[in-house]
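Down below is the structure, laid out as structure tokens.
The values are calculated or read from the model by the stated rules, or taken from the named source; none is laboratory data. The shown structure was predicted, so the numbers you read here are calculated from the model rather than taken from an experiment. Here the Cβ is made from the backbone with ideal geometry for all residues, glycine too, and neighbour counts use every protein chain on show.
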There are 2 protein chains.
Amino acid sequence: MTATTTASEQAVRPEVQALRGYTEQLVAIRSGLALLGWDQKTKLPRKGHADRGRQLGVLAGVLHERATSPELGKLISAVEDVDADNVEARVMRRSYRLSTCLPAKHVVEFTQAAANANQAWEEARERDDFDLFAPHLERVLELSRTSAELYGYETEPYDALHDLYEEGMTAAELEPIFAGLRDPINELIEQQPEADVSALTRTFPLASQVEYCERIAAVMGFDMEAGRIDETVHPFCSGVGMHDTRLTTRYQSDWLPASLFSVIHEAGHGIYDQGFDRLGLPRTIADAPGLGMHESQSRMYENVIGRSRAFWELEYPELQRAFPTALGDVDLDSFVRQINAAQRSLIRVEADELTYNLHIAIRFELERAMTNGDLQVRDLPEAWNAAYEKWLGLRPPNNRDGCLQDVHWTSSFGYFPTYTLGNIYAAQFVEACEAQIGSFDDHLRRGELGPIHGWFDENIYRHGRSFTGREFVERITGGPISPEPLLRYLDGKFGRSA
Amino acid sequence: MTATTTASEQAVRPEVQALRGYTEQLVAIRSGLALLGWDQKTKLPRKGHADRGRQLGVLAGVLHERATSPELGKLISAVEDVDADNVEARVMRRSYRLSTCLPAKHVVEFTQAAANANQAWEEARERDDFDLFAPHLERVLELSRTSAELYGYETEPYDALHDLYEEGMTAAELEPIFAGLRDPINELIEQQPEADVSALTRTFPLASQVEYCERIAAVMGFDMEAGRIDETVHPFCSGVGMHDTRLTTRYQSDWLPASLFSVIHEAGHGIYDQGFDRLGLPRTIADAPGLGMHESQSRMYENVIGRSRAFWELEYPELQRAFPTALGDVDLDSFVRQINAAQRSLIRVEADELTYNLHIAIRFELERAMTNGDLQVRDLPEAWNAAYEKWLGLRPPNNRDGCLQDVHWTSSFGYFPTYTLGNIYAAQFVEACEAQIGSFDDHLRRGELGPIHGWFDENIYRHGRSFTGREFVERITGGPISPEPLLRYLDGKFGRSA
């Protein structure tokens, strides 16, 4: 029991009821779009792809029309007029403002430029030819800088774009956070033994992987009756509708972590989304407030829980039963050591939990400089390589393993920091949670995730996007966003004392 | 080469271009609806079903709004003004008229009544309790009779409803067609040996069925790169988008025909739909003109081709390889005899090719009487049983195996005759086709479906819905719709001479 009440529990005013009704229409159209997108990446026949873009475009147009209608503006105002502090009006007002402040012409231009950039990027990466990509990156950057002016900002253009993904967070705040990660993490890297992942590269039959992934998602707390798991190239989680949350993963017969940890990661996102439905939130607020908060859950399940020795004490025999040939002779300690192997590397998506945030620090530094006009696209490759030397002591041998590795800049600047914010939030929440329910490890050792789920339901999921990431941290920890709990956690896991 | 040209080959007027552009928007929204519907029956997580109805409802509302907009009316008029005989304007005018002539209030009432009736029907059938269903059937019938008045008709209300599915066809025309089937078919039934399907009830491993069904669909001519096959309860074919046509089937380990012939049937529908995309038809006309025409293709592939000895001469060894245990000791003649076993039965969906049309004749007679006010809902059970005695010489022991067996009347009157029209059209087209390319059997024996595909491309698929079913028959055969070719075909297959 708690003293606070959520929007869904209050007596609902007719003005709020009307706003919710309209929102349900938006959400239903968004369901159609989400399903078309999910299907595109999992089931769509090869020849059907050409037409899917048009279908998505038309429905996106329908959604945009309704998300920017004067009618919606009036519904929001009506709530504001009777209840100035109404949470649902506040979050809908923000969405409405973000949807309406870019002219349609600019949105169309941007969409086209991003599509072209994506195509050019694929070819440029394939051929390791930055010059192919550069003019497209310049165009997307130029349009993004225009977007920043249209959205508006107080200090620097980058803040306007980052705010789309993480409300109210500024580059000036992020800078010292990232700076504080560099030396402690590099010190920990020095302490790591040579990485050995030989047990994870054996043969893992695909049918057994599919079956085990369904099990592990359910063990983590993902409701398989309100979701499903399908195969794709790049794993993702998509909330298609109420009680319909879909995870995807990829299966590699000679690399178990590809499916195992992507499913646990996406299940973390899914557990968050399923919470809104399970707890009956109105659709106005049934979402995470930003990507950092969403990532906090995926990272927590993947790393804090999914790579802990305590969790595998009970679960590892099940994994061995699923893969008797590959893992029958691998003991628990070896398995846990291998899934936590850490070392310096060049590719973000293959990076381990320890070094991952330094890859993000590099991208934050570079995209901030580009957005603010302090770094020219033509200078990006050299700046990228210099940043890798500075942060990780490594220099990429080519652009394919350097500044051409990620797709993000074909369509968005300001997204990257949310990955690290997710790790930071997760560590802060876990410390706060443990202070109330006791050590995660003790619960995991007994296979009891219930108290963990209950704490997150109560403190986070039931509030939807009523608070920003920062507000959640402040409510829960009583203090500001801080990287200290993350550093403590990493030190506990990767430090000499571990 | 042919002397006629389709709409897509003519120089396209700007007015037509504008109409096509608008239609593409409608088609894209319909794609979203089609995918939501396909997903609902194949992939949707159990708990997601409650929300799917709302998503479909909202998108259906968006579609209805755009399909009835004054803007569309003006676009059609603009084409009519410059080209009074324009085919695209004609078919779009008809769609527009049908969409706009029912008031929204009536549509909503009907949708709600049909949903209630569906629920009541499921329970009534389960419990074999007609009284549970009767008031709902009465309500749907009453609203359907109102629809008939709103659509308008010349002779009897039933014609208005049947016209939705089969443009321009009347009950007065259908009556003698059905009447002419009764005695010849009953005579053929008398000639059948006792049915033996023992080989088809052996064990057919599901994984092999899935694999073989993908093969047989492709052998028939269904492009698996522009479509897919999934599992469902009631098989269907859904055209989700351009080059994206989806078949569904059900797999029973102890009854091979459940998957085998439903896949061939649905592939027939799919081959028709894929033709529109392959031949590049504008979306205004890229559809069958009615359900009878669509059914002509599914029935032709299922029965004329898929149950012919000639087809299996080449293909049966492949089927035996797929199911060596079940079919290794079953010779070709036994297999062909078993897949063509025919006898009187009570359940339409389990009926064989020979007796199927009599089940339809019964339903036509009863739904026509109900729609025209000549049969009261309370008298339906007795009327049903009497009709089965009259047409098939059998009396259902209960309503579950009688008038409660089909779902159609929970939402539609006037649909049933299209099944038999499909069989009639198929037989007429096959005779016309054989007159030009030679006997189907000779082609099938050589595994050459190309000439058959080519003839249907040229004579039917490339015209989309430019002609009605009746017009297609007249163009192709030079004569009227006639059941004689169907009776000749059935006599050739099931008669003493066969």
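So that you can scan it fast, the table gives a plain yes or no per residue for (1) closer than 25 Å to A:TYR272 by Cα; (2) more than 21 Å from the chain's Cα centre (by Cα):
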| residue | (1), (2) |
| --- | --- |
| A:SER296 | yes, no |
| A:ARG309 | yes, yes |
| A:GLU315 | yes, yes |
| A:GLN320 | no, yes |
| A:ALA326 | no, yes |
| A:VAL330 | no, yes |
| A:ALA342 | no, yes |
| A:GLU367 | no, no |
| A:MET370 | no, yes |
* Asked: Residue check: is B:MET242 surrounded by fewer than 21 Cβ atoms within 10 Å (Cβ to Cβ) and of a type in the set (A, V, I, L, M, F, W, C)?
  -> no
* B:GLN40 crowded, with 22+ Cβ neighbours inside 10 Å, out of contact with any Cys (no Cβ under 8 Å at 6 or more places or on another chain), modelled with pLDDT under 95 and within 13 Å of another protein chain (Cβ to nearest Cβ) -> no
* Take A:PRO451 and decide whether it is surrounded by fewer than 19 Cβ atoms within 10 Å (Cβ to Cβ) and in contact with a His (Cβ under 8 Å, 6 or more places away or on another chain). => yes
* Asked: B:ALA104 passes all but one of (1) more than 30 Å from A:ASP277 (Cα to Cα); (2) surrounded by 15 or more Cβ atoms within 10 Å (Cβ to Cβ); (3) aliphatic (A, V, I, L, M); which number fails?
  -> (2)
* Among (1) more than 14 Å from chain A (Cβ to nearest Cβ); (2) part of a strand (DSSP E or B) - the single one B:ARG246 does not satisfy -> (1)
* Asked: Do we find that A:VAL430 is of a type in the set (Val, Ile, Thr) and crowded, with 16+ Cβ neighbours inside 10 Å in this structure?
  -> yes
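Conditions (1) under 30 Å from A:GLN119 (Cβ atoms); (2) at the interface with chain B (Cβ under 10 Å from one of its Cβ atoms); (3) surrounded by 16 or more Cβ atoms within 10 Å (Cβ to Cβ); (4) in contact (Cβ under 8 Å) with a residue 40 or more places away in the chain, marked per residue:
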| site | (1), (2), (3), (4) |
| --- | --- |
| A:TYR22 | no, no, yes, yes |
| A:ILE29 | yes, yes, yes, no |
| A:LEU44 | yes, yes, yes, no |
| A:ASP51 | yes, yes, yes, no |
| A:GLN55 | yes, yes, yes, no |
| A:VAL62 | yes, yes, yes, no |
| A:GLU71 | no, no, no, yes |
| A:ASP83 | no, no, no, yes |
| A:VAL91 | no, no, yes, yes |
* Asked: How many residues does region B:204-243 contain that are in a helix (DSSP H, G or I) and either basic (Lys, Arg) or within 11 Å of another protein chain (Cβ to nearest Cβ) (or both)?
  -> 5
* Please give the helices (runs of 4 or more DSSP H) falling wholly within region A:359-475 in which 3 or more residues are under 29 Å from A:SER144 (Cα atoms) and without any contact (Cβ under 8 Å) to a residue 40 or more places away in the chain. => A:380-392
* Asked: If you check A:ALA258 against the conditions, is it away from every other protein chain (no Cβ under 14 Å), surrounded by fewer than 21 Cβ atoms within 10 Å (Cβ to Cβ) and within 25 Å of A:ASN340 (Cβ to Cβ)?
  -> yes
* Asked: Do you know which residues across region A:296-314 are crowded, with 18+ Cβ neighbours inside 10 Å, part of a helix (DSSP H, G or I) and out of contact with any Leu (no Cβ under 7 Å at 6 or more places or on another chain)?
  -> A:SER296, A:GLN297, A:SER298, A:ARG299, A:MET300, A:TYR301, A:GLU302, A:ASN303, A:VAL304, A:ARG309
* Limited to region A:456-489, what total is found for residues that are in contact with a Phe, Trp or Tyr (Cβ under 7 Å, 6 or more places away or on another chain) and under 28 Å from A:LEU188 (Cβ atoms)? -> 3
* Return yes or no: is A:ALA18 free of Cβ contacts under 8 Å to residues at least 40 places away in the same chain, away from every other protein chain (no Cβ under 14 Å) and of a type in the set (A, V, I, L, M)? => no
* Hey, A:HIS106 closer than 24 Å to A:PRO417 by Cα, in contact (Cβ under 8 Å) with a residue 12 or more places away in the chain and not assigned by TED's automatic domain parsing to the domain that holds A:GLU71 or not -> no
